[in-house]
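Just below is one structure, and these are the notes that go with it.
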Amino acid sequence: MKKAILKTTLSIAVSVACSQAFSAGFAINEQSISGMGTGFAGRSSSADDATTVYGNPAGMSRLKRQEVSVGAAVIDAKTDIHNGRGTFGGSNDGDMVPLVAVPMGYYVKPVDEHWAFGVGFYAPFGLVTNYENGFAGRYFADKSHVEVMTFQPTVSYAFNDKVSIGFGPTFNRIEGTLTSETLTAATPGRNDGKVKITGDDTAVGFNAGILVQATDTTRLGLTYHSKIDFKLDGKTKIEGVGFGPFNGQKYDANLDLDTPESVDMSVTQKIDDKWTVYAGSTWTRWSRLKDITVNNSGVPVQLGGSAGPIGTIKEDQNWHDTWAHAIGASYQLNKQWVLRTGLSVDQAPTNNVNRSPRIPTGDRKAISFGAGWSPTDDLTIDVAYSYLREDEAKIRDSSATKGSYSADFKNSAHGFGTSVTYRF
């Protein structure tokens, strides 16, 4: 019985990897709506508005007026599950991702010809998933809600009109809640239990970047987002008559989770007064997630049995580093309107051996369209749309305490975003 309880506690970290946002693993790409329109190509080199606080803090030196930019992206994801089979039966509807919104907000103030100051508020990681009642893989995944929100104060310094640098610490808050079913009786479906995990932490990282105006028409950018070391403290609550006198009890739980560092490199090339093209690549060190170790304290011997050290369990993940690539273009239709488009590809960090229904992600491709409308020199309204499809992701899970679950997942998503930028 012990393994059934403790394995579900791993999910507070693993479940964040099930995000259906527009970046692989559990990362979220939607920190800029103008960038979303070009598929995030040129993210570290464009520096067109205040969202450069995230894209490349060095880009603040290009903004000559104070700017405030606020916006949000809405993600509508869909999963088709084929060949779904579980040891204990059940459904495979696949409709487990509700409509979710990703907020963002930025402010930049030029101080003088060299210095600029800015702040950003955005979501770099997160998900919401909720499988239907009776899901065939319910002993491996049920409901998850994990989010990371980041606040980033930032400064940039321009050495001259060619080279600038930027740096900002990030203050990151993670919160997670999830549930999973667990077997508490010989006959599944009768006296089954449910385990609910909650946890949170605040940790510090940093972003840094350099921006180079190589020629009058060519701009190069490089941005580094540091890893973040989270040490989550929370509670494990068990529910179900099969737990007997322990029904409704809570136990302390903790785990360490490192979000990966990444490096974004991009180029912005102005062709003429109308056309600008963008290209970029992002490397993410997902190989940090080799395994997850969770510690529960106070777990009764009656629940722990003899299955290893009480309260501790290790589960392999074996993720690998990934590359994402994007190309995009913008067309200045007139003084008021700019049109954008982009294409991106992104590797999945998971593998066919360790992938679970909490991580049903494959390599992905996305196409994006966007537009910016500036009715005055002070105001710009940006809109964007993206469509994403993933390669088939095979799930082949088995456990001595939870049976087995196998299925082929096919994920897709629509993304809609809008933002308003005001200059003064």
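Can you tell me which residue among 366, 348, 413, 384 is closer than 20 Å to residue 130 by Cα and buried (at least 19 other Cβ atoms within 10 Å of the Cβ)? Full working, then the answer.
Working: 366 fails: closer than 20 Å to residue 130 by Cα; 348 fails: closer than 20 Å to residue 130 by Cα; 384 fails: closer than 20 Å to residue 130 by Cα.
Result of the check over 366, 348, 413, 384: 413.
How many residues does segment 72-121 hold that are within 25 Å of residue 158 (Cα to Cα), touching a residue at least 24 places away in the same chain (Cβ under 8 Å) and not small (Gly, Ala, Ser)?
Here is the first cut: in segment 72-121, the ones within 25 Å of residue 158 (Cα to Cα) are 105-121.
Now drop any that are not touching a residue at least 24 places away in the same chain (Cβ under 8 Å), which leaves 105-110, 113-121.
This time we only want the ones that are not small (Gly, Ala, Ser), so: 106-110, 113-115, 117, 119, 121.
Number satisfying all stated conditions: 11.
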* **Residue count for segment 68-93, restricted to those that are within 26 Å of the chain's Cα centre (by Cα) and buried (at least 21 other Cβ atoms within 10 Å of the Cβ)** => 8
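Is it true that some residue in segment 27-48 is among the small types (Gly, Ala, Ser), part of a strand (DSSP E or B), surrounded by 24 or more Cβ atoms within 10 Å (Cβ to Cβ) and at pLDDT below 90?
Keep residues of segment 27-48 that are among the small types (Gly, Ala, Ser), which gives 27, 32, 34-35, 37, 39, 41-42, 44-47.
The next check asks that each one be part of a strand (DSSP E or B); those that pass are 27.
When the remaining residues are screened for being surrounded by 24 or more Cβ atoms within 10 Å (Cβ to Cβ), the result is 27.
After this cut, where a residue has to be at pLDDT below 90 as well, the list is 27.
Yes: one or more hits.
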* Considering (1) of a type in the set (Phe, Trp, Tyr); (2) closer than 26 Å to residue 95 by Cβ; (3) without any contact (Cβ under 8 Å) to a residue 60 or more places away in the chain, say which one residue 405 fails and leave the rest. => (3)
* Asked: Taking segment 137-162, which residues are surrounded by 24 or more Cβ atoms within 10 Å (Cβ to Cβ) and more than 21 Å from residue 107 (Cα to Cα)?
  -> 137, 138, 139, 140, 141, 142, 144, 146
* Structure fact -> Out of (1) surrounded by fewer than 23 Cβ atoms within 10 Å (Cβ to Cβ); (2) out of contact with any Gly (no Cβ under 9 Å at 6 or more places or on another chain); (3) touching a residue at least 40 places away in the same chain (Cβ under 8 Å), the one residue 282 does not meet is (1)
* Structure fact -> Taking segment 408-421 and keeping only residues that are more than 22 Å from the chain's Cα centre (by Cα) and among the hydroxyl-bearing types (Ser, Thr, Tyr), one is left with 421
* Taking only segment 151-177 into account, find how many residues are without any contact (Cβ under 8 Å) to a residue 40 or more places away in the chain and under 25 Å from the mean Cα position of the chain (by Cα). => 7
* Can you find a residue in segment 389-407 that is under 24 Å from residue 70 (Cβ atoms) and within 21 Å of the chain's Cα centre (by Cα)? -> no
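Does residue 64 satisfy the condition of being over 30 Å from residue 118 (Cβ atoms) and surrounded by fewer than 16 Cβ atoms within 10 Å (Cβ to Cβ)? Before you say what the answer is, go through the steps one by one.
Details: over 30 Å from residue 118 (Cβ atoms): no; surrounded by fewer than 16 Cβ atoms within 10 Å (Cβ to Cβ): yes.
Considered against the rule, which asks whether it is over 30 Å from residue 118 (Cβ atoms) and surrounded by fewer than 16 Cβ atoms within 10 Å (Cβ to Cβ), residue 64 comes out as no.
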* Asked: Which of the residues spanning segment 220-242 are surrounded by fewer than 21 Cβ atoms within 10 Å (Cβ to Cβ) and either of a type in the set (A, V, I, L, M) or part of a helix (DSSP H, G or I) (or both)?
  -> 220, 222, 241, 242
* Would segment 111-132 turn up any residue that is surrounded by fewer than 19 Cβ atoms within 10 Å (Cβ to Cβ), within 30 Å of residue 404 (Cα to Cα) and out of contact with any Gly (no Cβ under 8 Å at 6 or more places or on another chain)? -> yes
* Structure fact -> Checked 7, 64 against criteria (outside any loop (DSSP other than H, G, I, E, B), at pLDDT below 95 and either farther than 30 Å from residue 131 by Cβ or among the charged types (D, E, K, R) (or both)); the one match is 7
* **In segment 254-306, the residues that are modelled with pLDDT under 90 and acidic (Asp, Glu)** => 256, 258, 291
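The values are calculated or read from the model by the stated rules, or taken from the named source; none is laboratory data. What you see is a predicted model; the values in this text were computed from it and never measured. Counting neighbours? That spans all protein chains shown, and the Cβs are built from the backbone with ideal geometry, glycine included.
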